[in-house]
Amino acid sequence: MSKITDKLSPEDFGKSFDIEVFNGWKKSITEHEQAAIIMMILYLTGTASLLLLNGLVGIGLFFVFAFIGLGICLPKASKRKRYQRQLGISNKDFTAAVLSAKKRV
């Protein structure tokens, strides 16, 4: 997805944006995607520990990894949403812009 978001331009949205805020939004999308990958790795590690270490130790490690993953991912998602509010972009607008960028490329 980040390959497409790197190619997005304000013309794909049909609006004009402050370029600095728009570039910050695109960067925050990339950061959020990277944090989501880290979160999934932590969730899988927690699940593996739950399966391998039966009992309270496995359950405890699962929840520790889950909370660490949430602690990493939620601030990035919040930053992305804040930029989207500043730009006035909804998720529907984002989806339409991605389709427009795919057609353009």
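Just add up the charged neighbours of Asn91: K/R +1, D/E -1, any other residue whose Cβ is under 13 Å from the Cβ of Asn91. Intermediate values should be presented prior to the final figure.
Numbers: positive: Arg80, Lys81, Arg85, Lys92; negative: Asp93.
For residues surrounding Asn91, the net value is +3.
Work out from phi, with θ = phi - 60° and the Karplus expression 6.51 cos²θ - 1.76 cosθ + 1.60, the ³J(HN,Hα) of each residue of the stretch 4-16, listed in order in whole Hz, and give x for Gly and Pro.
Taking θ as phi minus 60°, the curve returns 6, 5, 5, 8, 5, 10, x, 5, 5, 8, x, 9, 10 Hz for the stretch 4-16.
Quick one: what are the phi-derived ³J(HN,Hα) couplings along the stretch 96-101, Karplus 6.51/-1.76/1.60 with θ = phi - 60°, whole Hz, x for glycine and proline?
Working through the residues one at a time gives 5, 5, 5, 5, 5, 5 Hz.
What 222 nm value per residue comes from the helices of the chain, counting each DSSP H run with n ≥ 4 as -39,500 (n - 2.57) and dividing by all residues, nearest 500 deg cm²/dmol?
Values: 5 runs with 90 residues, N = 105.
Helices in the chain give a 222 nm mean residue ellipticity of -29000 deg cm²/dmol.
Residue by residue through the stretch 21-33, what is 3J(HN,Hα) from phi via Karplus (6.51 cos²θ - 1.76 cosθ + 1.60, θ = phi - 60°)? Round to whole Hz and write x for glycine and proline.
Couplings: 5, 4, 5, x, 5, 5, 5, 5, 5, 4, 4, 5, 5 Hz.
Any idea what diffusion coefficient the chain gets from Stokes-Einstein, in µm²/s, Kirkwood Rh on alpha carbon pairs, 25 °C, 0.890 mPa s?
Working: Rh = 15.4 Å.
The calculation lands on 159 µm²/s.
Please give the residues of the stretch 12-44, grouped as numeric ranges, whose backbone N is less than 11 Å from a label point set 7 Å along the Cα-to-Cβ vector of Ile72.
Within reach of a label on Ile72, which here means backbone N under 11 Å from a point 7 Å along Cα→Cβ, the stretch 12-44 contributes 34-44.
Relative contact order for the stretch 23-105: what percent, with Cα pairs under 8 Å and sequence separation of 6 or more?
Details: 55 pairs, mean separation 27.7, N = 83.
Over the stretch 23-105, the number comes to 33 percent.
In nm, what is the difference between 0.36 nm times the number of residues separating Val64 and Ile41 and their Cα-Cα distance?
Numbers: separation 23, 0.36 × 23 = 8.28 nm, distance 1.31 nm.
Additional length available on full extension: 7.0 nm.
Taken together, the values in this text are just the output of simple stated rules run on the coordinates, not laboratory data. Please read all numbers here as calculations on a predicted model, not as lab measurements. In this analysis, Cβ positions are derived from the backbone assuming ideal geometry, glycine residues included, and neighbour counts consider all displayed protein chains.
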